[in-house]
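Data first, discussion second: the structure below is written as structure tokens.
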């Protein structure tokens, strides 16, 4: 990463983030709540979701394209890869090719995971691509090699969220089957290793049991963004006017706006079209 010189123009630039669809809105919500003076530009790549079943090289290409668009077309001062699969595939590459700080969701979540466990047995659930990448296995080993980690891929969870079916009997039955390995391992803390999964938190908690702590990386990522902006001298604390929250979608903009507003809140009043280069 090439350091960016702080200054008035840099302060006024927005924070950029992208996800395969709606999951990254959990990160957007946390950033908006923690940093209310900051402008936001969010791209949901709903025209190409889900990323989880795709080969990682393909996800990498998507992530590099989205990241470059936010930096080059929208002039963001910091980039958040608000998608675990994309972070596993392209975080290091993005940090090499763009000239702004880049934050992923994997390391912040892992730090919270290892801090929360009481019995040393922890779990991570994510998409097929994220779990197969080994990114969480490496991050947990680097954070605390003494914990025992059990991972489970959860294909189908993202699709239920994208279809706004977060409390159906079908998703509960699927969760019972997919979460069986982490239940059998006796984990006391489970990291939701996909930004879509917090929308399924109630179902996941019902299946895992109330004694299991669920960890979402959204809040931890927002704290890391705040600290990085402060460290670089880039945080905006006094906006000159109304704060701007822009949301773009590569798919059906109307559907993105409708479901996105239910998931995020009133900030997603409008949505725009993002066109792949």
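Taking the listed residues 104, 52, the one that is out of contact with any strand residue (DSSP E or B) (no Cβ under 7 Å at 6 or more places or on another chain), over 18 Å from residue 273 (Cα atoms) and buried (at least 20 other Cβ atoms within 10 Å of the Cβ) is 52, with no other qualifying.
Filtered by the rule that a residue be out of contact with any strand residue (DSSP E or B) (no Cβ under 7 Å at 6 or more places or on another chain) and in a helix (DSSP H, G or I), region 5-49 gives 8, 9, 10, 11, 12, 25, 29, 30, 33, 34.
Within the span defined as region 107-119, every residue fails to be surrounded by fewer than 17 Cβ atoms within 10 Å (Cβ to Cβ), more than 18 Å from residue 222 (Cα to Cα) and free of Cβ contacts under 8 Å to residues at least 40 places away in the same chain. It is to be established whether one or more residues within region 100-111 are at negative phi and out of contact with any helix residue (DSSP H, G or I) (no Cβ under 7 Å at 6 or more places or on another chain). No, that holds for no residue.
Kindly evaluate residue 99 against the criterion of being surrounded by fewer than 24 Cβ atoms within 10 Å (Cβ to Cβ), free of Cβ contacts under 8 Å to residues at least 12 places away in the same chain and either over 22 Å from residue 238 (Cβ atoms) or assigned by TED's automatic domain parsing to the domain that holds residue 157 (or both). The answer is no for residue 99. Looking across 195, 221, 237, 189, one residue alone is touching a residue at least 40 places away in the same chain (Cβ under 8 Å), within 20 Å of the chain's Cα centre (by Cα) and over 23 Å from residue 20 (Cα atoms). It is 189. Checked against the criterion of being surrounded by fewer than 24 Cβ atoms within 10 Å (Cβ to Cβ), touching a helix residue (DSSP H, G or I) at 6+ places or on another chain (Cβ under 8 Å) and not in a helix (DSSP H, G or I), region 61-71 has no qualifying residue.
The values are calculated or read from the model by the stated rules, or taken from the named source; none is laboratory data. All figures in this text were calculated on a predicted structure; none of them were measured in a lab. Positions of Cβ are generated from backbone atoms using ideal geometry, with glycine treated the same way; all protein chains shown enter the neighbour counts.
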